[in-house]
Amino acid sequence: MAISKSFSTSLLLVTLAATPVWAADPIKIGVSQPLTGAVAASGNYVTNGARIAAAEINENGGLLGRQVELIIEDNKSNPREAVNAAEKLILSDKVPVLMGAWSSTYTLATMPKLEEYGVPMVVETSSSSKITKAGNPWIFRIAPTSAMEAQAFAKKLDKFDPPIKKVDFLSVNNDWGLGASQEFEKMFKEKGIEIGRKETVAPSTVDLSAQLSALKDTGSDTLIMTSGVEQLTLGIRQAAEQQLPQRIVTTGGSFPEPLLESPGPKGYTSTHLLFFSPWTPESAVYPEVAGAFVDAWNEAGYSFPGLSEGFRGYDGIMTIAAAIEGSGEAESEAIRAALWDVQVKGVNGDISFFKDGPEGKESAQNEPNVYVVQLKDGEVSAQ
């Protein structure tokens, strides 16, 4: 069938009208996450959340009339590689702002480079108190500190039956795990709860049976576990195999996703502290924001349980976007100044910053919400 010239011209005009007209250069946002290595599952979840945020921003006209482009670097679950990733993003890719770097150890390693080059970073996951106490004014953390998480958990203690009377710890041996153990131990002591045995595990360890065996006869009723998805899944499976008597409570916001499809022994229960519960988005501070994020995640075909960490990337990029929009320019110093004034309705809740750290060199800290869920026989319920 012949197509008239006038019809072809009309079709072209309609197509052009439906296509956003961007300024010449996109606004680049650097993302440093562990896409490979020991905690790759979590890093990929966070990165997918960031992708959803960028797509949403661009679908709604971009920022300052320009498209947003994520420049994503794999820090390979390694602090040295995290430094390399940050330098590449800043020096080669010329990004004016970063989001990263998942682990507290990776973030702490990156921080001197932020100060050296004058580039702000939104910290979406790392929880060590060292991060905002170090005197680095280029840090803006939306994740809770381990102390915040411990205090939030303190308010949930009366929900445990039988009550928590004595606790053991199994923590990944890095800034995150050791910091979390310290803060939770402090909180438990304040509540009159006895502290039992403390075991640590290297981030790359793929067998926790020795540590769990050492914890079996401590007389404790609860085991606090802090690590990434991979080790949490392994630890819960091996604890069930060894018939460890303690209830298991995991901290840090990671969720052992594989236990949904392949649960442990029937009736075996674990409890998890999360910063977003995708099974109950209606319980979020802003259900419409949480619900829309869940829908977008599912439409993208991402793994559903990854939502419990993926939201971090979404909220992180939306926080950066608010600062860029507020500053009116995609320049590092302007973005840093504007970050202090953001008011974002995130998946976790309200995002805004208060000062933390040495006077005159304060970092920025948000105060997020904490949720508790229980996993039993492949099913999740809110607590």
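No lab work stands behind these numbers, since they all come straight from the coordinates. For clarity, every value in this text was computed on a predicted model and none was experimentally measured. We place every Cβ from the backbone using ideal geometry, glycine too, and count neighbours over all the protein chains shown.
Some observations on this one:
- Ratio of Rg to Rh over the range 282-383 (Cα coordinates, Kirkwood Rh, two decimals): 1.05
- Proxy reagent accessibility, fewest Cβ within 10 Å first, across 320, 193: 193, 320
- Translational diffusion of the chain, µm² s⁻¹ [Kirkwood Rh, Cα pairs; Stokes-Einstein; 37 °C; 0.692 mPa s]: 152 µm²/s
- Cα centroid of the range 33-82 to Cα centroid of the range 235-291, whole Å: 24 Å
- Going from the fewest other Cβ atoms within 10 Å to the most, the residues 31, 206, 373 appear in the order 206, 373, 31.
- Normalised radius of gyration (Cα atoms, divided by 2.2 N^0.38 Å) for the range 148-274: 0.96.
- For 270, 128, 204, order by how many other beta-carbon atoms lie within 10 Å, fewest first: 204, 270, 128
- Full extension of the chain between residue 303 and residue 69 gives 81.9 nm of extra length, using 0.36 nm per residue less the Cα-Cα distance.
- Relative contact order of the chain, pairs being alpha-carbon contacts under 8 Å that are 6 or more residues apart, as %: 19 percent
- Segment residue 282-residue 166, extension gain: residue separation times 0.36 nm, minus the distance between their alpha carbons: 38.4 nm
- Across the range 148-274, C-alpha contacts under 8 Å between residues 6 or more apart give a mean separation that, scaled by the residue count, equals a relative contact order of 25 percent.
- Of the DSSP H helices in the chain, those whose Cα atoms cover at least 15 Å axially and whose Kyte score averages -1.0 or more: 5-18, 40-59, 104-117, 175-190, 229-241, 287-299, 307-327
- For the range 345-360, 3J(HN,Hα) computed residue by residue from phi via the Karplus equation (6.51, -1.76, 1.60; θ = phi - 60°) reads 8, x, 4, 6, x, 6, 10, 7, 10, 10, 7, 9, x, x, 4, x Hz, glycine and proline entered as x.
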